Amino acid sequence: MAKKSKSPLVQQAKETAIREGYRMTNEEAEQYGRIIDCIIQARDEREKSREEFDHLSYEQTYLSNKRAAISYLVPKRNDDEVRINTGTTEKRIELTLNELLSLNLDGEVKTFDKDDNLLQDVSDIFTDLVQRTEQIEKSRDKDIFIYQELLTQPSVFVEELWIKERVEPTLKSFRTRNRCERRLVQGPQMYLGDIYLPDTRWNEQPFLIKYARLNMDEAKFLFEELNPKKWKHVKPGKYTTVGSPHEKIYRKASLESDEVEAFWYMSWPDNEVQIIVQGIPFLPLGTKYTEVFGNLGGYHITMVSLKPYGGDFAYGKPLTQSAKTLQALDNETIRNLIRKFRQALEPPTAIIGPRTFTRDIWNAGTIVHGIRKSDFERLIDHQGVTNSELAMFDLVEKKINEFLGSSQQDPLEGKTQVTATELNLAQRQAIKMLGMAVLAVMRLKDRLVMLRVRNILANYTKPIGTEFDPIQNGVKEIYARFTIEGADVGGRTGQRIIQFMDRDLTAGEKDFVFGEEQKAARQGKDFEFKGVNAKKLRDLELYFYPVVSAKERESTQVDKAMMTEMLNQAQAVSAITGRPINANKIIEKFERVYKERDLFEKDIGQLEQELGTEPEGRGTEARIGQRPRTGLSPQPMSAADIV
């Protein structure tokens, strides 16, 4: 037996080199062959030349849009060609992207029971959980890439996952934790079972195919634990399928020596899933889709298009495709202007007589014998670009701006002082100009919020681990806890703690929590504790409806201007009515808008309360966790019992 290397890299290379191929069973080979048929069918249907793509295939369209979004400069076809790309499309997409990123699109979750009764407490909890899990995964960083794909490509695909994340290294491996994750899937990786179903009927897709090329390390992290036995047969690079009745296998391109390719066959209507890695089916036959990705009420992937073509086609029309005609006109116009400008600087010249001269004779300081000035004659009679031609170019630029929209700052240019009303009107006008983009992002956010709610319900209602309970002298299950900063606690800004539990709070625990909340409130450190019975929540029949609206984020110029105007009007009302303004409310609003805590000194009453009160509010959840855990109450279950 070969000696094991101390280097994981060297050991992995040794193990990979001696791996043998995998031979499928007859049932695996039959399923594999049918999946390959589905892959080829979906690929051929997507790659047809279509009018919607200007008689290009999908991948050709994707590449064309990608180049337009980065102002790709085409190589010269001859030495005299003028290479120019004004970048108008790229800048207008960047403007639109900036406007979308400046919007607050946090979704509010409305929760109803089976009798269509609104459960406000449950709604608030899920709204907080969605926002907190998005903070944990840093979803705003991903929004840049997701919105960019939406604006520049026929459709954007985003998947909602429950992942195992490496947190920090230990002596032997990495400490891991599970959490919600949202990931962009690039368009060429996705194949639809029915390309003629619009994205509004997404969950009716008969099947989806996701393709990925991974390096060996990433593939090992994803697939080794999924099926350790079959992972031993995976070798990177080119491979030959064994046991399949179909010789024709789909390949995106030739694999590199350290790459692995994988296909995910997913069918929500049939509740079936299979993962094929290097031609090896990794999941047992009959594996349920919901067993792998959870019951999220449909596919764990969603698809949204910017501008739909109609109700009988899945893909849509992005900004890059809408703007390419005007972009080509802009490029051609400025190319002609440059050409005329160059003609004026270096006019084409005719030579009288049989002699031929190179253009080097026009270089500074050149001495040429035997020729006179009259031996040359200009072939053009213009002096360069005229004012009328520049006016035409300005008209083209204006039409492009009108077509692609404008920034909310454009109407305010040249003004030294801007009122809150003017800022608000400019913002509304910009949103109107970006109407389709804003609507598409709201549709996408609506679906992502729904997937996140289902993901939370499917996974965070289960224990996340165990710990030793010294009171009961035994091991107990522990559940997830979330802390929401900047929450609305009784009309004031504070902290909300959401603790999943396997039972209800006892009457004594509720009294204790209330007392701690009151102590913290007197200190000016407001907090609220919410205990959620995970088992009851999981068993209830709940219906969720995300509500997403587009509004400016806090601490923007609009918020600050609106606050200034609010203070001016409040002073006027106070002077008329004689009623003073609530100082605490004004200070709290100011600190929230400017993101500055404890900017103002507290008044004497607040200081006396803090000095006379023991600061115990922050340990509430820990003290509750020390109480003996009892079984569920035998009372009938209702929606009101879970919080």
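The values are calculated or read from the model by the stated rules, or taken from the named source; none is laboratory data. Just so it is clear, the model here is predicted, and its values are computed rather than measured. Reconstructed Cβ throughout: ideal geometry from the backbone, glycine too, with neighbour counts over all protein chains shown. We work out accessible area using only protein heavy atoms, side chains counted, and drop any ligands, DNA or RNA first. Shrake-Rupley method; radii C 1.70, N 1.55, O 1.52, S 1.80 Å.
The figures follow:
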item	result
Subset of K48/K324; K66/K317; K142/K445 violating a 18 Å alpha-carbon distance limit	K48/K324
Separation in nanometres of the label points that stand 7 Å from Cα toward Cβ, at K399 and A572	4.6
Stretch gain in nm, segment K66-D116, where the contour uses 0.36 nm per residue and the Cα spacing is subtracted	13.4 nm
Over 19 Å between alpha carbons, listed pairs K138/K288; K138/K164; K288/K536	K138/K288; K288/K536
Anchor K238: aspartates and glutamates whose Cα lies under 20 Å away (excluding residues fewer than 8 positions away in-chain)	E15, E20, D217, E218, E224, E247, E256, D258, E259, E261
Largest-first ordering by accessible area, 1.4 Å probe, given options E516, E27	E27, E516
Karplus (6.51, -1.76, 1.60) ³J(HN,Hα), θ = phi - 60°, over the stretch 119-126, in Hz, Gly and Pro reported as x	9, 5, 4, 5, 4, 4, 5, 5
Rough spin-label spacing in nm, given labels placed 7 Å along Cα→Cβ, for K589 and L439	3.5
Amide H contacts under 5 Å for N178, placed H, 5+ residues apart	E165
Rg ratio (alpha-carbon, reference 2.2 N^0.38 Å) - the stretch 257-305	1.30
For the stretch 468-538, size of Cβ-based charge dipole, Lys and Arg +1, Asp and Glu -1, in debye	120
Burial ranking of peptide ranges 97-103, 379-385 (average Cβ count within 10 Å, highest at the top)	97-103, 379-385
DSSP-loop chymotrypsin sites (Phe, Trp or Tyr not before Pro) across the stretch 318-372, with at most 15 other Cβ within 10 angstrom	F357
Cα gyration tensor category, rounded, prolate or oblate, for the stretch 101-227 with a/c compared to 1.5	oblate
FRET efficiency for F376 and L73, using Cβ-Cβ distance with R0 set to 25 Å, rounded to 0.05	0.10
Per-residue ³J(HN,Hα) for the stretch 336-350, Karplus 6.51 cos²θ - 1.76 cosθ + 1.60, θ = phi - 60°, Hz, x for Gly and Pro	5, 5, 5, 4, 5, 5, 5, 4, 5, 6, 10, x, x, 10, 9
Efficiency of FRET from Cβ geometry, N104 and E601, R₀ 30 Å, rounded to 0.05	0.45
For the stretch 200-211, Karplus couplings with θ = phi - 60° (6.51, -1.76, 1.60), whole Hz, Gly/Pro x	6, 10, 4, 6, 8, 4, x, 6, 10, 10, 10, 10
Pairwise FRET efficiency - Q518 versus E389, Cβ, R0 = 56 Å, nearest 0.05	0.15
Point-to-point label distance, T176-A328, nm (Cα→Cβ direction, 7 Å offset)	5.1
Per-residue SASA entry for S49, accessible area with 1.4 Å probe, Å² rounded to 10	80
Theoretical gain in end-to-end length, A507 to R342 [0.36 nm per residue, Cα-Cα removed]	50.7 nm
Solvent-accessible area, 1.4 Å probe, carbon plus sulfur percent, for the stretch 283-379	55
Under 15 Å from the Cα of K110 - aspartates and glutamates, other chains or at least 8 residues apart	D121, D124, D128, D446, E541
Sequence ranges 500-510, 319-329, 342-352, ranked by mean other-Cβ count within 10 angstrom, highest first	319-329, 500-510, 342-352
The stretch 459-508, accessible surface, carbon-and-sulfur percent (1.4 angstrom probe)	49
Cβ-based net charge around S57, under 12 Å, with every Lys or Arg adding one and every Asp or Glu removing one	-2
